Every structure is written in structure tokens, then in C-alpha cells.
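Take a look at the structure below.
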Amino acid sequence: MLAVCAATTLCRDASPAARRFWGTRSPLARKNVDVKRVVTFLCASLFLCSSGTVSPSIADSVRVATYAGSGLLGMSDGEAAQASFQLPAGLAEGRDGTVFVSDETAQRIRAISGDRVSTIAGSGAVGELGFTVAGGYRDGAALEAQFNHPLGMAVGQDGALYIADSRNRAIRKLRDGVVSTLVGKPGSTAAVDGDASVARLVWPHSIAFDASGGLWIADYGGGLRYWEHGALTTVALTPPSTDVISVSVQPDDGTVLVVTRSSLYQYSPKTSKSVAVPSGSALAQGAPFGTPSQVVGIGHGEAIFTDDVASNVRYVRFASGAFVASPYTRVIAGGDFERHSDNAGFADGLGSDARFASPRGLLVVRNRAFVADSGNRRIRLLSLPQFRAPAAGQTAGFRGRVGSRNSI
């Protein structure tokens, strides 16, 4: 109520017509106030009225549906609604709109095109207990190749699909029906920089291409890594951290978003500086931020992330200028953040009614988000809301962003 009253006062004092009416009686009219910035602050204030949960206006504009997967444990291809997954983990979009899925414990790469799911890479039989496929390492023909817990993926400028093959400690490449290794080698235990012959990864989780074609790698245990012109380097974060689990590149300014176990970083390749926002339990009680699992930048200082602890999907806007002094976040789909694991379940529908179970991989394409709902063994589809917290000088509302193929 206080926020609404304050916002109403600001609106009264900032409106040109109101200023003419109130004259010198308005506190703001007696000062040299930038009306556009005040109205911008008003929009942000209204957006921030609730304390981290789904506001009714946002929830009403979000719809969640099942895009693929029956929920049964398996590796069956076929019609999207009947196909089965073991543990969908990473997502990426091909140039033709195909949605790629890394099925982690099936050791396979799946593709959703039209209304059908198919296996395009990976092999191996289900183990004796019938739950998972043993990992392996083999380059060559795609359906004979072997992976060991494939996670994040991204499509490069050459149209190839690149895969963070986590337990093989390598980045694999799938193109024209052939799997090869870009960098890394099974068995390595230390992060080593250099060219492909010597470079080593520790446990790659997520990858993202930037506009120049360079590849950012979230290498858990090795830190933030960068592959460009045939060489791998390690990028220092401040404060230092090597437990990196997700990476994404903002499509407008190239800022690199980095998720660690305790923070969400913004790293600027232009200045080599980073800013960290504590996440999850690291934040003081009463200022819930969430626990990012996989993040995708959507530009203008904004991002969407999955929270596999609270089993929901959240929006975040980072601090920007005088009127947005601190980051804020909203649940856009799934249960209330404060209930944590009690949110887990399965339900389609409005954002506030929908339920997820350990959502991980995330792909944003314009005004839609695809989520690898790992615990439910499904791929979910969200219609994104109208985000209404622009920074000063920006236009309010969803801006029709093109989803990054640098998805995780």
C-alpha cells in the first residue's frame, strides 16, 4: 500500500498536466526534475511492489505448456507427446528452429522438430537396473559416438552444434552427422590453458558463443574459460570463483553472465571487470533472489534463469543507474520461492499455477522460453510476460528479443 501511495504521488507530481495544475504546490515542480526518469522510477516501483513472488499481472500473462515428453523414464523417439527422456539437461536452437536436448543420463542428443522427437547423436544400452546408460567416449558417426553426461549446448556461427560433454571433460562438436572433439580430453583433472593439443577442462557444464564467434565455457572446478582462435584461456572473476555452472552472453552489449554456486556475475570483456550478486542462501533473509541454475541473458540488463532448488523460473534485472540501484527478481512461473522444494510437482497452466521439478536447461527465443524440466522428464514451453521495469531512457515492456542460440 505504501508503495502504491508513493507511486501515486510521484505520478501526480511528474505528469506535465499535473504540474501545470499543482503549480508551485508540487514538491517536484519546485525542483529541476527529469520527468522521464521520474516516470521510469515509477514504473520500476510499481513492478517491485511484491516481495519476490509472482504478481497477479505477471502470472496472468504467463502460460506454461508441455512441449515434449510423456514424463515416463526412457529414450523413446516419436511424437513429441509420447516420446520419453531420461534426464533432459541442456537446450539449444538450430538455425531451422529445431530444439536440441541433451539427455544427460541417456548419453544422447535429442532433437525436437515439428511434432517429433528423434535421437541425432549418442549410443549405448540401458544398464541392468534400467535407469541410465553408461557413459563413454568415442568420436565418429553421430549414432555410434559416445558421450559421458552431456550438459550445455550452443549452435556456432558454422551451424554446428557444440556440446559440453561434462564427464569427458571436453567440448564436442556435431556437424553433418559426425561427432568430433573441439577441445579437452577425458581423464584430465586440472585446468590447463593453451591450444587444443594441451588445453584441458575440468568439468564443463555450460557454453555460450559471443558475437565474434568466441566460445565461453562454464568449467566447474576450472572457472570461466574462453576459447578463441584455437586457444583456451582462463578468465579471472572478482571475487575469485572456479565453481562456475552456467554462462550466457547478453545479446546487446556482450556482457557475460556467469552463475556460480553462490553468486551471479556480470563480466565485461571490454573492461575485464566483474560484478557479483550473491544468490540463494548467501542473501540476507527478506531479500530473496533465488538460486540460479542456468541463466540466459535477454538484453537491456535483464535475464531469465531456472532455479532448480525452488523448482521455478525467474526473471532478474540487474542494477543500472541511479534509479535501479540494486538488482531485483520475480518468479515468472512455478511455485512461491520461499517454499523451496515444496514447489516441486507437475502442472501446466498459468505461471503461478504451473509446477516444475528441478528445472535446468533454458532456451529463450523471442517471447518464448523452453525449459528442460529434468525431474519431470519433459520439455516445457513458457510464453514470456511483459516485463515492466525499464531503466531510465528505455521503453517499457517486452522488446521482442531474439533468443540466444547460446543456450544451456
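Going by what's in this entry, would residue 53 be described as at pLDDT below 95, farther than 23 Å from residue 378 by Cβ and either in contact with a strand residue (DSSP E or B) (Cβ under 8 Å, 6 or more places away or on another chain) or of a type in the set (A, V, I, L, M) (or both)?
Values: at pLDDT below 95: yes; farther than 23 Å from residue 378 by Cβ: yes; either in contact with a strand residue (DSSP E or B) (Cβ under 8 Å, 6 or more places away or on another chain) or of a type in the set (A, V, I, L, M) (or both): yes.
Against the criterion (at pLDDT below 95, farther than 23 Å from residue 378 by Cβ and either in contact with a strand residue (DSSP E or B) (Cβ under 8 Å, 6 or more places away or on another chain) or of a type in the set (A, V, I, L, M) (or both)), residue 53 qualifies.
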Quiz item: Counting only residues that are open to solvent by 20 Å² or more (accessible area, probe 1.4 Å), aliphatic (A, V, I, L, M) and within 19 Å of residue 207 (Cβ to Cβ), how many does the stretch 249-276 have?
Solution: 0
Self-check item: Residue check, residue 60 at pLDDT 95 or above and more than 21 Å from residue 360 (Cβ to Cβ)
Solution: no
Quiz item: Any residue in the stretch 165-184 that is among the β-branched types (Val, Ile, Thr), at pLDDT 95 or above and open to solvent by 20 Å² or more (accessible area, probe 1.4 Å)?
Solution: yes
Exercise. Quick one: count up the residues across the stretch 372-389 that are open to solvent by less than 30 Å² (accessible area, probe 1.4 Å) and either aromatic (Phe, Trp, Tyr) or modelled with pLDDT of 95 or more (or both).
Key: 8
Quiz item: So which residues in the stretch 147-164 are open to solvent by less than 10 Å² (accessible area, probe 1.4 Å) and within 20 Å of residue 124 (Cβ to Cβ), if there are any at all?
Solution: 147, 150, 153, 161, 163, 164
Quiz prompt | Search result, residues across the stretch 87-137 that are surrounded by 24 or more Cβ atoms within 10 Å (Cβ to Cβ) and of a type in the set (Ser, Thr, Tyr) | solution = 102
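The values are calculated or read from the model by the stated rules, or taken from the named source; none is laboratory data. What you see is a predicted model, and the numbers here were worked out from it, not measured in a lab. Because the Cβ atoms are built from the backbone with ideal geometry, glycine has one as well, and the counts that use them run over all protein chains shown. Note: areas computed on protein heavy atoms with side chains; ligands, DNA, RNA excluded. Shrake-Rupley method; radii C 1.70, N 1.55, O 1.52, S 1.80 Å.
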